[in-house]
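K.L.:
Supplied in structure tokens, the structure appears directly below.
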Amino acid sequence: MPPSRKAAEEHRQLTPKQMAILTYLRDYERKYGYAPTLQEVADHFSVTKVTVFEHVSVLQRKGFLQRLPHKARSLKLTSQAEFPDDRPTLIPLLGRIAAGAPVETLEDKDSLDLEEVLAGHGTTFALEVRGVSMIDEQIQDGDFVIAERRETARDGETVVALLENGETTLKKFYREKDRIRLQPANPDLSPIYARDVKIQGVVIGVFRRY
């Protein structure tokens, strides 16, 4: 990375306290429709107004915050301010539900981070499923499978496999004595046997639209 670019990125990095202040400003404005005063920020974090002013000045220099002139509630977030909990992959987790009796919702706020759930150790990609060969694995026609791009797999994993004839298939992977067995999860279909199979990815998640 060129020194100038690296210096610019380091300049824009936020400390935990700076991020906490930005988040408080965002949440306060969402709740009340206007920004808090410097004193209200200081009271919230149990620090002095001078300390808050120093943090605000740094946030201004980094481009995350503006102070509007001649206003007591002068703090305004810029479009550069980004928050980890504002990612579109972060979904509120409201509770747990059983397919039977009702279950109480969670007392504490929590969230389900799809990015974290579906993050593999390498690159991930999605494929739309066609066919019913994996229905016993709860993978149906029209579903989307999320796969981690890998060239190896363990027995029993569901893989995206490239066959010798150039076709790609979604099956469970098993090594046998002198061949590979690609097992469908459908009792009406027969397994595929091959000696040369190229693994393109391993399934780590399934999405279904209703």
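K.L.:
Mind counting the residues in segment 45-70 that are out of contact with any helix residue (DSSP H, G or I) (no Cβ under 8 Å at 6 or more places or on another chain) and either outside any helix (DSSP H, G or I) or of a type in the set (F, W, Y) (or both)?
P.N.:
Looking only at that region, the number is 5.
K.L.:
I'm told D143 meets every condition in (1) at pLDDT below 75; (2) charged (D, E, K, R); (3) surrounded by 13 or more Cβ atoms within 10 Å (Cβ to Cβ) except one. Can you identify the failing condition by its number?
P.N.:
(1)
K.L.:
A further question on this structure: Any idea how many residues of segment 9-61 are β-branched (V, I, T) and farther than 13 Å from S74 by Cβ?
P.N.:
8
K.L.:
Continuing with the same structure: Considering only segment 157-168, state which residues are over 27 Å from the mean Cα position of the chain (by Cα) and polar (S, T, N, Q).
P.N.:
The answer is N165, T168.
The values are calculated or read from the model by the stated rules, or taken from the named source; none is laboratory data. No experiment lies behind these values; they were computed from the predicted model shown. As a convention, Cβ positions derive from the backbone with ideal geometry for all residues, glycine included, and neighbour counts pool all protein chains shown.
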